[in-house]
1. Set the Förster distance to 30 Å, then compute FRET efficiency between residue 94 and residue 151 from the Cβ-Cβ distance, nearest 0.05.
2. Using 0.36 nm per residue of separation minus the Cα-Cα distance, give me the extension gain between residue 45 and residue 143 in nm, one decimal.
3. Taking the Cα atoms of the chain alone, what are Rg (to one decimal) and Dmax (as a whole number) in Å?
4. Within segment 42-58, what residues put their amide N at less than 19 Å from the label point 7 Å along the Cα-to-Cβ vector of residue 12?
5. Under 18 Å from a point placed 7 Å out from the Cα of residue 70 along the Cα-to-Cβ direction: which residues of segment 15-52 have their backbone N that close?
6. State the Cα centre-to-centre distance between segment 15-77 and segment 128-144 in whole Å.
7. Could I have the simple spin-label model distance between residue 120 and residue 19, label points 7 Å from Cα toward Cβ, reported in nm to one decimal?
8. Helix 33-50 versus the longest principal axis of the chain: what angle, 0 to 90°, nearest 10, using Cα atoms?
């Protein structure tokens with residue numbers, strides 16, 4: 001029975017609640033539950049250090065979660081998004097003129113694979129191009145690029 005009493009300690013309940021909210025963030029991305037999970041941990045920490053009552057715990061949870069959400073969400077989102085290597089707009093012409101390397105040989109009328117900016121693309125060409133050759137993109141039709149050899 002002593003174990004159950006320790007399990008219902010408010011600090012443990014807030015910690016587990018915070019952990020569950022952080023795990024739920026993985027299933028429901030949007031970077032909102034993350035801050036409520038941290039708010040629950042802040043509440044657990046304050047309970048451990050100050051021994052605050054349930055009414056103050058709820059206020060601390062709501063206020064800290066909201067403040068963290070409003071003040072840090074934009075910055076934390078940038079950390080999770082990472083950097084993109086898109087030099088052009090989202091138009092289909094964005095790869096035209098870019099250089100790449102043939103990964104799988106292109107033998108017309110069959111397509112090959114070309115790596116451009118770290119991404120593999122299905123590629124076609126009017127002439128045969130061997131693997132390892134540097135090419136330039138001359139046209140892009142949806143997810144297929146047309147290339148020509150630089151050599």
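What follows draws every value from the coordinates through simple rules; no lab data is involved. Owing to the predicted nature of the structure, the values given are computational and were not obtained by experimental measurement. All Cβ positions, even for glycine, are placed from backbone atoms using ideal geometry, and neighbour counts span all protein chains on display.
1. Using R0 = 30 Å, I get an efficiency of 0.75.
2. Working: separation 98, 0.36 × 98 = 35.28 nm, distance 5.15 nm.
The residue 45-residue 143 span can extend by a further 30.1 nm.
3. Rg then Dmax for the chain, in Å: 27.0, 79.
4. 42-54
5. Residues 32-40 qualify, since their backbone N sits under 18 Å from the label point.
6. 50
7. Taking the two extended label points, one gets 4.0 nm.
8. So the helix axis and the longest Cα principal axis differ by about 30 degrees.
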